[in-house]
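Have a look at the structure below, then the notes.
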Amino acid sequence: WHLQANASVHFDFASWRRPPSPPRVLPDDVWRRLLTSLAETPCSTAEQVNALRRTSHAFHPKASQLRELLSCFGERRRRVEIAAALLLRLADPQNMKLVTTRMQERGDWSAVRKRLGYLASLPIFQPEDCSFELDLSIWEERTAASVLVRIAMQEKIENIRDYALVLPDETHFQFEQGIPVQWAQPEEVPQDGKLSFRYICSPEDQAVTVRRDIARKRAGWNTNIEADGITWWTSLVEVPDCVQDFFFQCMRHFKDPDEFFNMADDKDQGTLSYTDFASVFAQLEWQSYVEDTELIKEVFRQLDTNNSGEVSQDEWGRLRQMWKELRLSILELFQHLDRTYNGD
């Protein structure tokens with residue numbers, strides 16, 4: 001590569017280095033003082049970002065801390081800059097979805113992914129409800145496709161849904177027997193075309209140890225976690241529109257989504273059949289659903305992630321995760337106002 005003598009080159013160095021085990025995490029009280037200092041400083045946002053970059057080698061933020069930090073900056077380019085500097089230094093990469101969820105809602109995530117690379121930012125620990133659009137002419141994105149196929153093979157190959165591969169000549173690849181299992185090997189993935197799909201996995205099928213081992217091998221994360229070490233999370237913008245509408249309908253009538261589940265599960269079985277689920281809409285007189293039974297069926301189908309014909313408590317947890325996301329977003333707003341206006 002012969003560089004021109006009078007040109008400028010801009011690039012990110014996405015290091016393979018990851019936090020050690022155990023990482024250097026700032027205590028919560030120190031983190032609060034840092035956020036307060038950022039809110040009170042007369043320095044410009046550009047100077048604040050530069051200071052954070054220069055000191056980033058000294059600590060490893062938790063996902064919840066990084067998410068809170070990003071909310072302190074109104075300018076998109078500043079948030080992207082901070083995420084690019086700190087995302088690969090997360091102390092708990094298994095909870096990265098707390099960060100990516102917020103960035104997706106604000107339209108920042110695609111810019112961060114472009115800067116850090118697809119493999120480094122791949123949601124290996126929590127791919128649930130994520131939509132992927134991969135350019136198979138790029139080695140890294142072919143490898144990302146292979147990683148997700150390998151995870152699906154250990155969980156359920158049917159977890160890869162709504163898939164399509166548009167070839168360079170605009171024709172569609174014919175998936176005669178579903179996703180080819182050979183694609184678990186990167187060299188077997190087609191080297192051209194645009195591959196898109198969603199990843200849906202029931203909680204009962206999640207192979208956390210498989211995800212952990214692949215994250216260590218393919219993304220360099222030094223983690224040793226089990227399922228109870230993960231804060232499972234669901235974005236409001238990732239779920240299908242029918243699930244999002246149902247969620248907000250529940251919020252208008254109940255304190256939390258579990259009240260709907262308990263109302264439908266009047267026999268305390270811990271699972272909901274379609275009949276149990278559908279009966280509640282008439283009781284609540286939700287006319288838009290009562291008049292459209294196909295809509296009820298679609299919501300039930302989306303909640304029944306393992307296609308068992310019943311929705312378990314664990315599968316219903318997807319709505320609880322959306323509720324936590326909504327509450328956390330509101331809390332972050334109040335915390336930001338409190339820091340900015342010094343409690344007034």
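Taking region 50-69 as the range and being surrounded by 21 or more Cβ atoms within 10 Å (Cβ to Cβ) and among the hydrophobic types (A, V, I, L, M, F, W, C) as the test, the residues that pass are Ala63, Leu66.
Filtered by the rule that a residue be farther than 21 Å from Leu90 by Cβ, surrounded by 13 or more Cβ atoms within 10 Å (Cβ to Cβ) and out of contact with any His (no Cβ under 9 Å at 6 or more places or on another chain), region 17-42 gives Thr36, Ser37.
The criterion of being without any contact (Cβ under 8 Å) to a residue 60 or more places away in the chain, under 26 Å from Phe125 (Cα atoms) and of a type in the set (Phe, Trp, Tyr) does not hold for Phe261. Of all the listed residues (Arg67, Arg33, Arg53, Arg17), the sole one being charged (D, E, K, R) and farther than 28 Å from Leu337 by Cβ is Arg17.
Here Val239 meets each of (1) buried (at least 16 other Cβ atoms within 10 Å of the Cβ); (2) part of a helix (DSSP H, G or I); (3) in contact (Cβ under 8 Å) with a residue 24 or more places away in the chain; (4) of a type outside the set (Asp, Glu) with one exception, condition (2). Scanning region 103-117 for residues that are in a helix (DSSP H, G or I) and either touching a residue at least 60 places away in the same chain (Cβ under 8 Å) or open to solvent by less than 10 Å² (accessible area, probe 1.4 Å) (or both) returns Met103, Gln104, Glu105, Val112, Arg115, Leu116. Here is a list: Glu204, Glu259. Which entry is at negative phi, out of contact with any helix residue (DSSP H, G or I) (no Cβ under 7 Å at 6 or more places or on another chain) and outside any loop (DSSP other than H, G, I, E, B)? Matching residue, one of Glu204, Glu259: Glu259. Does region 204-218 contain at least one residue that is more than 23 Å from Asp92 (Cβ to Cβ) and touching a Cys at 6+ places or on another chain (Cβ under 7 Å)? No, the conditions are met nowhere in region 204-218. Across region 294-344, the number of residues qualifying as basic (Lys, Arg) and free of Cβ contacts under 8 Å to residues at least 40 places away in the same chain comes to 3.
Out of Ala91, Ala85, one residue alone is among the small types (Gly, Ala, Ser) and part of a helix (DSSP H, G or I). It is Ala85. If the condition is being of a type in the set (Gly, Ala, Ser) and open to solvent by less than 10 Å² (accessible area, probe 1.4 Å), then region 121-157 contributes Ser121, Ala144, Ala145, Ser146, Ala152. Taking region 310-344 as the range and being at pLDDT below 95 and outside any helix (DSSP H, G or I) as the test, the residues that pass are Tyr341, Asn342, Gly343, Asp344.
Inside region 18-37, can you point out the residues that are modelled with pLDDT of 85 or more and not in a helix (DSSP H, G or I)?
Listed by number, the residues that qualify are Arg18, Pro19, Pro20, Pro23, Arg24, Val25, Leu26, Pro27.
Per the conditions (1) open to solvent by less than 80 Å² (accessible area, probe 1.4 Å); (2) under 30 Å from Ile138 (Cβ atoms); (3) not in a helix (DSSP H, G or I), the sole criterion not satisfied by Asp213 is (3).
The values are calculated or read from the model by the stated rules, or taken from the named source; none is laboratory data. As the structure is a computational prediction, the values presented were derived from the model and not from experiment. Positions of Cβ are generated from backbone atoms using ideal geometry, with glycine treated the same way; all protein chains shown enter the neighbour counts. Protein only, heavy atoms only, side chains kept; ligands, DNA and RNA dropped before computing areas. Shrake-Rupley method; radii C 1.70, N 1.55, O 1.52, S 1.80 Å.
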